[in-house]
Structure formats: structure tokens, C-alpha cells
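Peer 1: First, the structure itself, so that you have it in front of you.
The values are calculated or read from the model by the stated rules, or taken from the named source; none is laboratory data. All figures in this text were calculated on a predicted structure; none of them were measured in a lab. Counting neighbours? That spans all protein chains shown, and the Cβs are built from the backbone with ideal geometry, glycine included.
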Amino acid sequence: MTASSTTPPKPRRAPGLSRHLLGWLLASPLAVVLAAFLVVPIATIAVVSFWGATEFSIYPAFQFDNYEFLFSSPVTYTVFFNTFKYAAITWICTLLIGFTVAYFLAFHIRNQNLQIGLFLLCTIPFWTSNIIRMISWIPFLGRNGIGNTALIQMGLIDQPLEWLLYSDFAVILAFVHLYTLFMVVPIFNTMMRIDPSLLEAARDNGASGWQTLWNVIIPLCKPGIMIGTIFVVTLVMGDFITVRFMSGSQSANVGRLISNDIALLQYPSAAATAVVLLCTVLLMIAVMLRFVDIRKEL
């Protein structure tokens, strides 16, 4: 037997480069769409934020006047405080309501068809636009609205409550109504993934209902709570229509500040405010992601 016949065949070379190029080619359409509709607009806003503006024109430049004016104005800090206030209170309310609804659907409704039906019932308000759902509160909260009329007829108050409408209460109520479902869905999805044997083990070891909730259910629901938090906080901080209508133009948030600058054709100032708002939201999301790994839910 010759040496050539005993030589083992050479292993076939793995086409690593081909797979690498194939991966880039498959991802390129999505990358182009992402760059065209996300990266380029954000980059454009960032560039315009350094431009200058007069009462009649906008001129390209590289200056920090817009940011200097933004951070030196006391109005900016008041508006950002209102924005954080609305976001924090709305987050607390939506978390309490969303967790309660999700807990009821996940652990107290045994029939799957009924569970699906009740879950779809929660989505009925989303069959109409946000503006219609928001404005629907005005006839209810008004001075002569349904709420005040009912309270007067029941003898609970002697005169209409002025703070029900065109106030921070009305703004937060509308926010909670609009965005609670964004907290219900991820929490419910997380609860449905909890192994029932964990709850049975907790009960077998003598844990009460509150102990099971605090030590088993809530820790396992943290990814869903964080996803809902990101949705609610980002939506509230960017919303300005709700603040405008429900406060009667008596209050403002950052979105309203940007809207006013755009109405006055002060696009560089509006772009600078938008960049600061975007950085603030991204920083908040980065801090949230440090505590919970939401990739388990994605």
C-alpha cells in the first residue's frame, strides 16, 4: 500500500467568509430601512440643533446658543419637572392597575376562552384614536359634567369641583386611561410563563398569599414590569396633545415646549430640546436595563 493511499483526506475548509457575507447581505435591507427612517432623521435633528435662527430665517452654523438658552432658562427646568412628575405618577398608577389586572387574568381565570375574551375586552378602548378617548373625559369632568352632577345629587359635594378638569389631575387621568394597556400586556405575558409548580411549592412550604406574591411572582415578573415601564415612561414624556387639551393650556411638558417652538418656526431651538429629551429618555432606559435583563422576554 502506497503512502498516498494511506493519507487521510484533508478536511473541507469551512466557508466562514461566505457565511459572514451572507449574514451581512441578509441584514442589509433592514439596516437600510433602519438607517433611512431612524438614524438619518435623528442625525438631522442633532445637526439642526446647532443652527442659528432669527425672527425671519434659519441659517446653518455650528454654535451652542440653543443649548445655552435652553439650560439657562428657568422655564426649561419647570417644564422638565412637570414632565418627570407626569411620568412618575402615571407609571405608579399604571403599574398598580396593570399588575392587578394581569394577576387576575393570569391566576384567577382558569378558562382559557374566558381569559382571552377578558383580555380582548381590555383592548376595546384602542379601537378608537387616542384623541377621541382623551376628549371623552371632558364631558365627564367638566363643571357641569356627569361627574360633578352625580356627586352633587348624591350629596357628597355642595358645588362643582373645579380641579376635575383642566388640571394636573385631568392630565394624569387621561395618561392612565391611554397607556395602562401598555403595562398590562407585558406583565400578563410574563405571568403566563410562571411555572405553576413554583406557586404550589411556595404554598406547600407554608407561604401565605402575600409572601408568594412578594417572593415568587413579583421577582419573576420584573422583566415584564420593566418592559411596561419603558413603554409608559417614553410615551408619557413624548406626549404633548394630552397635556394641552386636558390642562386647558395651563400646564406644559417637554413635548409641548417643542410643539410651541415649531409653531413659532424656531426649528433649531425645537431640535435642541428634542435632543435633550431624547438623551434623557435613553439615559433613563439605560439605567432601567441595568437592573433587569429584558432579553429574556424578547
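Peer 1: Select from segment 143-154 the residues that are in contact (Cβ under 8 Å) with a residue 12 or more places away in the chain and surrounded by 13 or more Cβ atoms within 10 Å (Cβ to Cβ) and write down the one among them that is nearest to the chain's Cα centre (by Cα).
Peer 2: Going through the qualifying residues, I end up with GLY147.
Peer 1: State which residue is farthest from ILE89 (Cα to Cα) when the search covers only segment 149-178 and only residues that are in a helix (DSSP H, G or I) and among the charged types (D, E, K, R).
Peer 2: That would be GLU162.
Peer 1: Could I ask something else about it? Given the criterion touching an Asp or Glu at 6+ places or on another chain (Cβ under 7 Å), part of a helix (DSSP H, G or I) and modelled with pLDDT of 90 or more, identify the matching residue among ALA270, ALA274. Can you show your working first?
Peer 2: Details: ALA274 fails: touching an Asp or Glu at 6+ places or on another chain (Cβ under 7 Å).
Answer to the check: ALA270.
Peer 1: Oh, and also: Taking helices (runs of 4 or more DSSP H) that fall entirely within segment 78-142, which contain at least 2 residues that are surrounded by 17 or more Cβ atoms within 10 Å (Cβ to Cβ) and out of contact with any Pro (no Cβ under 7 Å at 6 or more places or on another chain)?
Peer 2: Working: elements: 112-122, 130-135, 138-141.
Per the criteria, 112-122, 130-135.
Peer 1: If you take the residues of segment 214-228 that are assigned to a helix (DSSP H, G or I) and touching a residue at least 60 places away in the same chain (Cβ under 8 Å), which of them is nearest to HIS108 (Cα to Cα)? If you could, list the steps in order and put the result at the bottom.
Peer 2: Taking segment 214-228 first, the residues assigned to a helix (DSSP H, G or I) are 214-220, 222-228.
Checking which are touching a residue at least 60 places away in the same chain (Cβ under 8 Å) leaves us with 217, 222-228.
Working: ILE217: 14, LYS222: 20, PRO223: 21, GLY224: 19, ILE225: 20, MET226: 23, ILE227: 23, GLY228: 22 Å.
Only one residue fits best here, namely ILE217.
Peer 1: Let me ask something else. When you scan segment 229-250, do you find a residue that is surrounded by 22 or more Cβ atoms within 10 Å (Cβ to Cβ), without any contact (Cβ under 8 Å) to a residue 40 or more places away in the chain, of a type outside the set (Val, Ile, Thr) and touching a Ser or Thr at 6+ places or on another chain (Cβ under 9 Å), even just one?
Peer 2: Checked against the condition, which is being surrounded by 22 or more Cβ atoms within 10 Å (Cβ to Cβ), without any contact (Cβ under 8 Å) to a residue 40 or more places away in the chain, of a type outside the set (Val, Ile, Thr) and touching a Ser or Thr at 6+ places or on another chain (Cβ under 9 Å), segment 229-250 yields no hits at all.
Peer 1: Kindly list the number of the only condition in (1) over 25 Å from ALA170 (Cα atoms); (2) free of Cβ contacts under 8 Å to residues at least 60 places away in the same chain that fails for THR123.
Peer 2: (1)
Matching residues to (1) of a type in the set (Val, Ile, Thr); (2) touching a Lys or Arg at 6+ places or on another chain (Cβ under 7 Å); (3) at pLDDT 85 or above:
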site	(1), (2), (3)
PHE81	no, no, yes
ALA88	no, no, yes
THR94	yes, no, yes
GLY117	no, no, yes
ASN130	no, no, no
